[in-house]
Amino acid sequence: RGLKSSLQLADFPSNFLYGTASSSYQFEGAFLSDGKGLSNWDIFSHEAGNILDGSNGDIAVDHYHRYLEDLDLMEDLGVNSYRFSISWARVLPKGRFGNVNMAGIKHYNKLIDALLDKGISPFASLTHYDIPQELEERYGAWLSPKVQDDFRYYADICFKYFGDRVKYWVTFNEPNVVAIRGYRSGIYPPSRCSASFGNCSTGNSEEEPFIAAHNMILSHAAAVRTYRTKYKEKQGGSIGIVMNAIWFEPFTNSSEDKLAAERAQSFFLNWFLDPIICGRYPAEMQQILGSQLPNFQRQEVSEIKLGLDFIGINHYTSFYAKDCIYSTCEQGPGVSRSEGYYLRTAFKDGVPIGETTAVDWLYVHPQGMYKIVMYIKDRYNNTPMFITENGYGELNKLNSSVKDFIKDYRRVEYMNSYLASLALAIRNGANVRGYFAWSLLDNFEWTSGYTIRFGLHHVDFATLERTPKLSADWFKQLISYHRSLSSSA
Ligand code: GBH
């Protein structure tokens with residue numbers, strides 16, 4: 001069968017994690033239930049004009065109430081792990097300035113226990129974009145070093161209540177996207193945009209993304225220190241961070257464009273991973289930004305050197321990177337000094353880098369999976385890696401019904417080709433330990449609201465009924481085929 005020839009699953013470790021991914025704001029709903037505090041995304045999505053279809057995550061796909069039904073879907077897929085995030089505002093409605101919400105703790109306890117009952121390992125993120133609004137209002141959240149104390153306090157509570165059963169911890173989901181979209185383009189909360197960026201109305205300083213990132217890096221370190229010093233010995237789990245990772249292909253073979261692609265990586269991915277793993281910001285960032293880049297104090301350097309146990313990679317797409325130092329570029333993504341002087345473009349001579357999709361940033365370029373994994377392997381000494389997200393989005397149509405979506409051949413082709421590319425990286429020595437499909441269900445796709453569907457299962461957004469798509473059956477077969485290989489080995 002086709003799976004065998006293209007996928008080479010035999011090269012995947014036998015204890016490989018197969019899972020689906022989700023996040024609290026996109027899935028849970030129940031935004032006011034059982035003592036939950038308001039999050040920055042609750043506030044943001046309720047402001048007119050922020051979400052494409054005027055929707056919000058008040059109900060989302062009601063995972064808060066339907067998690068048992070959703071666990072049955074996972075059991076049917078045969079996954080051995082589930083990636084989800086804990087809603088900070090559900091656990092600590094007012095951050096460290098109020099009480100622990102025991103009803104929130106109880107909810108996640110039930111979810112975790114139900115997962116373990118089915119032999120599914122919880123893979124939990126402490127934050128996936130949503131944070132208590134209280135932190136914004138008190139001190140400007142990521143812009144203030146005070147947030148480090150809040151994050152440390154919150155992480156400690158999660159380890160204390162859940163760490164006896166959760167063995168995979170993620171501090172942040174895509175802090176690079178939070179810094180860029182929250183503080184440069186301003187399209188995510190707290191809607192702060194830099195003066196030189198598009199039609200920005202707030203005109204904040206160019207430095208804000210770097211300040212926010214700096215505080216996220218130090219917050220990550222605070223959580224890792226807490227885990228290592230108070231919990232690791234007893235609980236025996238591991239802790240990492242999840243980065244959005246794009247493969248940047250040099251626009252031409254020139255050394256200028258190759259350096260541009262390096263800069264693109266440095267200003268997006270290595271921006272966080274270099275400090276966390278090597279104790280300093282990437283050289284290109286230091287050269288170009290100079291004093292615009294915050295410094296790590298001596299004692300902070302030893303703190304961040306605690307590093308991480310694994311790198312989570314959310315990989316979907318590739319772009320070209322074109323040099324803008326030696327040649328002049330028009331305005332565009334990547335071009336400014338604070339982005340690293342490269343032009344990010346999906347097109348060359350009118351041809352896209354991969355098949356276009358309904359999602360404006362998503363191009364089907366499976367080779368990018370191999371290349372980004374090998375890049376991270378080489379740069380970070382083959383630190384254990386997980387593909388924490390990979391998936392395909394399609395456009396929701398008006399007056400559509402479930403039958404318009406269940407034959408999702410394109411999604412199957414996408415995942416099959418990206419997994420084949422991942423298999424090649426594993427065969428070439430990449431220490432990849434798991435793969436999570438984004439996503440278990442169609443859900444609230446941030447500023448796109450419910451207009452984009454990423455699920456292996458269709459959700460009728462009126463009735464919230466779940467229906468498996470072809471991709472769910474395909475993923476199920478893939479997992480069971482891998483199981484049969486490892487048990488016969
Ligand atoms: C991930 O975000 C999220 O973790 C997940 O919650 C989300 O639902 C899923 O992927 C699908 O979108 O912004 O043009 O500079 C990915 C969102 C896509 C934002 C890639 C940053 C980089 C290109 N990101 N994007 S661009």
From zero up to wherever the largest Cα-Cα distance of the stretch 287-377 sits, split into 5 Å bins and tell me the percent of pairs in each.
3, 10, 14, 15, 17, 17, 11, 8, 3, 1, 0
Find which of 111, 98, 49 sits farthest along the positive direction of the dipole of the stretch 30-128, computed with +1 on the beta-carbon of Lys and Arg, -1 on that of Asp and Glu, about the Cα centre.
98
Net charge near residue 86: determine it from the other residues with C-beta under 11 Å of the C-beta of residue 86, scoring Lys and Arg +1 and Asp and Glu -1.
-1
Once the other residues with Cβ under 12 Å from the Cβ of residue 166 are scored (Lys, Arg +1; Asp, Glu -1), what is the net sum?
+2
Any number yet on Rg/Rh for the chain, C-alpha, Kirkwood?
0.94
For the chain, with the dipole built from +1 on Lys and Arg beta-carbon atoms and -1 on Asp and Glu ones, taken about the Cα centre, which of 209, 293, 159 lies farthest toward the positive end?
159
Dipole axis of the chain (+1 Lys, Arg; -1 Asp, Glu on Cβ), positive-most option in 59, 236, 353:
236
For the chain, the longest stretch holding no chymotrypsin sites (Phe, Trp or Tyr not before Pro) located in a DSSP loop with at most 14 other Cβ atoms within 10 Å is which?
1-325
Using a Debye calculation, one point per C-alpha and no hydration shell, please list log10 I(q)/I(0) for the stretch 55-107 at q = 0.16, 0.32 Å⁻¹ in order.
-0.64, -1.19
If you take the square roots of the eigenvalues of the alpha-carbon gyration tensor of the stretch 298-452 and sort them as a ≥ b ≥ c, do you get rounded (a/c under 1.5), prolate (a/b over b/c) or oblate?
oblate
With a Förster radius of 45 Å, plug the Cβ-Cβ distance of residue 330 and residue 230 into 1/(1 + (r/R0)^6) and report the FRET value to the nearest 0.05.
0.30
Put one equal scatterer on each alpha carbon of the stretch 327-401, apply the Debye formula with no solvent term, and list log10 I(q)/I(0) at q = 0.11, 0.20 1/Å to two decimals.
-0.47, -1.11
Among all cysteines in the chain, which have no other cysteine Cβ under 4.7 Å from their own Cβ?
158, 278
When all C-alpha to C-alpha distances in the stretch 184-275 are sorted into bins of 5 Å, what percent of pairs does each bin hold, rounded to whole numbers?
3, 11, 14, 14, 17, 16, 11, 7, 4, 2, 0
Dividing the Cα radius of gyration by the Kirkwood radius, what Rg/Rh value follows for the stretch 238-302?
1.03
Of the GluC sites (Glu not before Pro) in the stretch 1-71, which ones lie in a loop per DSSP and count no more than 16 other C-beta atoms within 10 Å?
47
Checking a compactness column here: for the stretch 125-251, what do you get for Rg(Cα) / (2.2 N^0.38 Å), N being the number of residues?
1.16
Based on Cα positions only, what radius of gyration and what Dmax would you give for the stretch 101-190, in angstroms?
14.9, 44
In units of 2.2 N^0.38 Å, what is the alpha-carbon radius of gyration of the stretch 439-489?
1.50
State which entries of 110/397; 106/167; 322/397; 94/146 exceed 25 angstrom in Cα-Cα distance in the structure shown.
110/397; 322/397
The local net charge around residue 442, scoring Lys/Arg +1 and Asp/Glu -1 for residues other than residue 442 whose Cβ lies under 13 Å from its Cβ, equals -3
Give me the distance in nm between label points sitting 7 Å out from Cα along the Cα-to-Cβ direction at residue 409 and residue 76, one decimal.
2.4
Non-local residues with an amide H under 5 Å from the amide H of residue 168, with H modelled 1.01 Å from N and Pro and chain starts lacking one, are 124, 238
If eta is 0.890 mPa s and T is 25 °C, what Stokes-Einstein diffusion coefficient results for the stretch 1-80, Kirkwood Rh from Cα pairs, in µm²/s?
157
Could you tell me what fraction of 2.2 N^0.38 Å the Cα radius of gyration of the stretch 1-137 comes to, as a two-decimal ratio?
1.22
DSSP-loop trypsin sites (Lys or Arg not before Pro) across the stretch 1-101, with at most 11 other Cβ within 10 angstrom
1
Which semi-axes, in whole Å and largest first, does the equivalent ellipsoid of the stretch 230-354 have when worked out from the alpha carbon gyration tensor as the square roots of 5 times its eigenvalues?
32, 19, 9
Rounded to the nearest angstrom and ordered from largest down, what semi-axes does the equivalent ellipsoid of the stretch 389-489 get from its C-alpha gyration tensor (root of 5λ)?
29, 15, 11
Under 10 °C and 1.306 mPa s, how fast does the stretch 68-147 diffuse according to Stokes-Einstein, given a Kirkwood radius computed over C-alpha pairs? Answer in µm²/s, whole number.
113
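No value in this document is a laboratory result; all are computed from the given coordinates. In this text, all values refer to a predicted model and were calculated from it rather than measured experimentally. All Cβ positions, glycine included, derive from the backbone under ideal geometry; neighbour counts span all protein chains shown.
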